[in-house]
Structure formats: C-alpha cells, structure tokens
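Enquirer: One structure, pasted below without further comment.
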Amino acid sequence: MTAAVAAVALVSGCANRSASSAVYSYDQAQREQIVRTGVVTGVRPVTIQNDKSSGAGLLAGGALGGVAGNAIGGGSGRTIATVGGAILGALAGNMVENRVGTTSGLEITVRLDNGETRVVTQEADVPISVGQRVQVISGNGPTRITPM
C-alpha cells in the first residue's frame, strides 16, 4: 500500500506546466491574442527550471527508500537501515524531481517592426535563428514567439 501511494505521488510530481510555444492550456484556447511581427536579433540557450516543486519526489523517494531499508537486517540494524534508506531515498527522489523539472529553452530577442525590442524565453521545441522573421503572440496568457 505504501509503495502504491509513493508511486502515485512520484507520478504526480512529474506533471508540470509547458513553456512550449505550441502548447496552450484549455483556458487559453479560443482567446483573441495580439500578433506583432519582427526579426530575431538574438538567441541564447537557457535552462527553464520548474519552480513549482511539489515535494512528491522527496516523499516518494523517502517512502520507497524506507521500505527497501526495512527489508534489510533485523533488530536495531533494521531500524538504522530503514532510516538510512528513507534519507537516501528522499535525497534521490528530490534530485529526480528537480532533474525532471528542467527543460531546454531559448531566450529570444526580437526587434519588432515598430522599432521596439522584446525578449521572450520559451521551450526550445521550435528552431528559431537570428535574422528570422517571427510573430510575437501575446494576450491572455504567456507570450510566444513563432516562425512566420
């Protein structure tokens, strides 16, 4: 039972919001947005960190580590193994959650046709390069840059 709860907690911790220019939430669909056009003047690779850590990796890792440690030895050795397993499992689970919560991204600088400059960071799922004509889409929700 404990392992099942831990597995559910671990899976729920893997869900995160998308920083992709191609992913819209249900609430963002069918909403009018403003489109401006321009030319990309800079592209810098970045790492996007999910700052909404749920702690599920920590909890699931601790629970699984404790269960694994409890299966080792007997008496006071079992207690030490259980506590040690829980601590090591929690650390490992937290590291996994943090690693799963990162995405490769691009910081894109655009000189709009009206002369203004905008910088948007988004997931690196669509190739964007310097000199490319793009659309800067903004409105109710995140701003996105898409190729023309």
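The values are calculated or read from the model by the stated rules, or taken from the named source; none is laboratory data. Note that the structure is predicted; figures quoted are calculated from it, not measured. Backbone-built Cβ (ideal geometry, glycine too); neighbour counts: all protein chains shown.
Enquirer: Would you mind stating whether Gly74 is within 30 Å of Ala56 (Cα to Cα) and modelled with pLDDT of 90 or more?
Expert: Criteria not met by Gly74.
Enquirer: Any idea which residue in segment 92-120 is modelled with the lowest pLDDT, counting only those that are surrounded by 19 or more Cβ atoms within 10 Å (Cβ to Cβ) and in contact with a helix residue (DSSP H, G or I) (Cβ under 6 Å, 6 or more places away or on another chain)?
Expert: Per the stated criteria, the residue is Glu97.
Enquirer: Limited to segment 121-148, what total is found for residues that are modelled with pLDDT under 95, in a loop (DSSP other than H, G, I, E, B) and more than 22 Å from the chain's Cα centre (by Cα)?
Expert: Selection size over segment 121-148: 1.
Enquirer: Taking the condition part of a strand (DSSP E or B), more than 25 Å from the chain's Cα centre (by Cα) and in contact (Cβ under 8 Å) with a residue 60 or more places away in the chain, does Arg118 pass?
Expert: no
Enquirer: Taking the condition at pLDDT 80 or above, surrounded by 13 or more Cβ atoms within 10 Å (Cβ to Cβ) and within 18 Å of Val136 (Cα to Cα), does Arg36 pass?
Expert: Criteria met by Arg36.
Enquirer: Scanning segment 39-91 for residues that are of a type in the set (Ser, Thr, Tyr) and in a helix (DSSP H, G or I), which turns out surrounded by the fewest Cβ atoms within 10 Å (Cβ to Cβ)?
Expert: Per the criteria, the residue is Ser76.
Enquirer: Looking at (1) modelled with pLDDT under 75; (2) out of contact with any Cys (no Cβ under 6 Å at 6 or more places or on another chain); (3) more than 30 Å from Val130 (Cβ to Cβ), which is the only condition Ser20 fails?
Expert: (3)
Enquirer: Of all residues in segment 100-132, which are farther than 19 Å from Pro45 by Cα and in contact with a strand residue (DSSP E or B) (Cβ under 7 Å, 6 or more places away or on another chain)?
Expert: Correct list: Leu112, Asp113.
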